[in-house]
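Nothing in this text is a laboratory measurement; each read-out follows from the coordinates by a stated rule. Note that this is a predicted model, so its numbers are computed, not measured. For neighbour counting, all protein chains shown are included, and Cβ atoms are generated from backbone atoms with ideal geometry for every residue, glycine included.
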Amino acid sequence: MIHDFEYFAPKTLKEALALLDKYQDDCKVICGGQSLLVLMRQGLVAPPYMIDIKGISELSYIKDEKDGLKIGAITTHRAIEKSAVIKKKYPLLAKMETRLASIQTRNWGTIGGNVCHGDPAGDPAAVFIALGATFTMTGSKGKRSMPAEDFSLDYFETALEPGELLTEISVPPVPPKTGSAYYKFNVIESDLATASVAATVTLGAGDVCKDIRLALGASAPIPLRPKKAEAILKGKKITDALLKQAGEAAVKEAEPISDIYASEEYRRELIKVLVPRMTREAMDKAKKA
Ligand SMILES: Cc1cc2nc3c(=O)[nH]c(=O)nc-3n(C[C@H](O)[C@H](O)[C@H](O)COP(=O)(O)OP(=O)(O)OC[C@H]3O[C@@H](n4cnc5c(N)ncnc54)[C@H](O)[C@@H]3O)c2cc1C
C-alpha cells in the first residue's frame with residue numbers, strides 16, 4: 001500500500017531545488033516512477049513529500065555538441081533509443097536501450113532515474129562507464145561533475161548529496177579507430193541483467209590496443225570497471241591468450257552474489273566468457289571504424 005504524501009510538480013529546476021532544500025530528508029524525487037513506485041508499493045519507501053521532476057522540460061534534451069553528446073536527466077529511454085544522432089554517433093547507447101525493459105517502461109522511465117536508482121544490474125551505467133561518460137549534479141549551491149564510474153557507491157546508493165539532482169549526462173566524442181560492444185545476459189527478456197559486460201577499445205598503430213574501458217553490470221555492488229583486466233590488454237596487440245587472461249582477471253575483481261536468477265559461480269562464468277567476447281567485438285568494430 002502506498003502511504004499518503006504531499007505532492008509537488010515544479011516546472012523549473014530552480015523551483016525543484018528550492019523544494020529539495022526545504023524538505024530535505026523528508027522528501028523524495030520522482031521522475032518516471034518506474035523504479036520508485038515499485039519500492040513505494042512494497043512500503044519500502046514512504047516519503048511525506050514527493051517532488052515530481054518529470055515536468056521540468058529544461059532537463060529533457062539530447063544535444064550533439066563539439067565536446068560530445070549531452071543528455072538531460074529526464075530524457076526518456078525511448079527518446080534515446082529513437083534519437084537519430086545517437087543511433088549514428090553512439091549506436092551502442094541506442095542498441096542498449098532496445099533491450100532495456102519494455103516499450104511501456106522505456107516511454108516513462110528516464111535515463112537519470114535509472115542511474116540514480118543505483119541498481120548495479122541496470123543497463124545504462126555499464127555502457128556509460130565504457131563510453132567514458134560524465135555525470136553532472138546540480139544543487140542550490142551549484143554544479144559538480146564526476147566520471148560515471150564514480151557515481152555508484154554501493155547497492156542502490158549513489159554519490160548524490162542531499163539537495164542535489166542529477167541534471168546531465170555527457171558522453172565524449174568517439175575517437176578514431178574506436179569500437180564498443182555491450183551484452184546483457186538475462187533469463188527473462190526485457191528484464192534486468194543476470195550479468196552484463198560493456199567494452200570500448202581504441203586501436204593505435206599496428207592495431208595495438210591504445211585504450212580500453214571495460215564495465216561489468218550485476219557483478220558487484222556497483223557497476224564495476226575492472227582495471228586489472230584492462231591493464232592486461234592496454235598497450236598490447238590483443239590476442240586470444242590475452243583475452244582469456246583479461247576475462248580471468250575480471251572474474252577476480254568482480255564480487256557477484258547468488259540470487260534467484262543465478263548463483264555466484266554462474267555469474268563468474270558469464271563474466272569470464274563475456275569480457276573476452278565483448279572486447280573482441282569492440283576491437284573488430286574499431287578495425288573497421
Ligand atoms: C518491468 C520493469 C523492467 C525493467 N527492466 C530494466 C532493464 O532491463 N534494465 C534497466 O536498466 N532497468 C530496468 N528497469 C528499471 C527502470 O527502467 C529504470 O530504473 C527507470 O529508468 C527509472 O527511471 P524513472 O524516471 O522511472 O525513475 P524513478 O522511478 O522516478 O526514480 C528512481 C530513483 O531515482 C531518483 N531520481 C530520479 N530522477 C532523478 C534525478 N534526476 N536526480 C536525482 N534523483 C533522481 C528517485 O528519487 C528514485 O530514487 C525496469 C523496470 C521495470 C518496472
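Below is a table of values for the structure above.
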quantity: Per-pair calculated FRET efficiency, R0 = 45 Å: Glu6 and Val208 via Cβ, rounded to 0.05; calculated: 0.15
quantity: Shape metrics for the stretch 135-289, restricted to C-alpha atoms - Rg then Dmax, Å; calculated: 16.7, 52
quantity: Aspartates and glutamates with Cα under 14 Å of Lys288, excluding same-chain neighbours fewer than 8 positions away; calculated: Asp207
quantity: Per residue Cα convex hull volume in Å³ - calculated over the stretch 94-136; calculated: 79
quantity: Cross-link partners of Lys141 among lysines (Cα-Cα below 24 Å; sequence separation of 8 or more within a chain); calculated: Lys11, Lys14, Lys22, Lys28, Lys54, Lys70
quantity: Estimated FRET transfer efficiency (Asp21, Val187; beta-carbon r; R0 30 Å; 0.05); calculated: 0.10
quantity: Backbone N within the stretch 192-230 under 18 Å of label point (7 Å from Ala241 Cα along the Cβ vector); calculated: 208-209
quantity: All-pairs Cα distance distribution in the stretch 57-171, expressed in whole percent, bin size 10 Å; calculated: 14, 52, 31, 4
quantity: Extension reserve of the Ser145-Glu255 stretch, reckoned as 0.36 nm per residue once the Cα distance is removed; calculated: 36.9 nm
quantity: Peptide ranges 90-97, 8-15, 206-213, 106-113 listed from the most packed, as the mean C-beta count within 10 angstrom indicates; calculated: 106-113, 90-97, 206-213, 8-15
quantity: Whole-number D in µm² s⁻¹ for the chain, Kirkwood Cα-pair radius fed into Stokes-Einstein, 10 °C, 1.306 mPa s; calculated: 82
quantity: Contour minus Cα-Cα distance for Tyr266 and Lys82 (0.36 nm per residue); calculated: 62.9 nm
quantity: Reach of Lys228 by Cα under 16 Å, taken over lysines that are not fewer than 8 positions away in the same chain; calculated: Lys210, Lys236, Lys244, Lys252, Lys272
quantity: Max mean-square fluctuation residue, GNM over the chain, Cα-Cα springs under 10 Å, options Pro176, Pro147, Pro120; calculated: Pro176
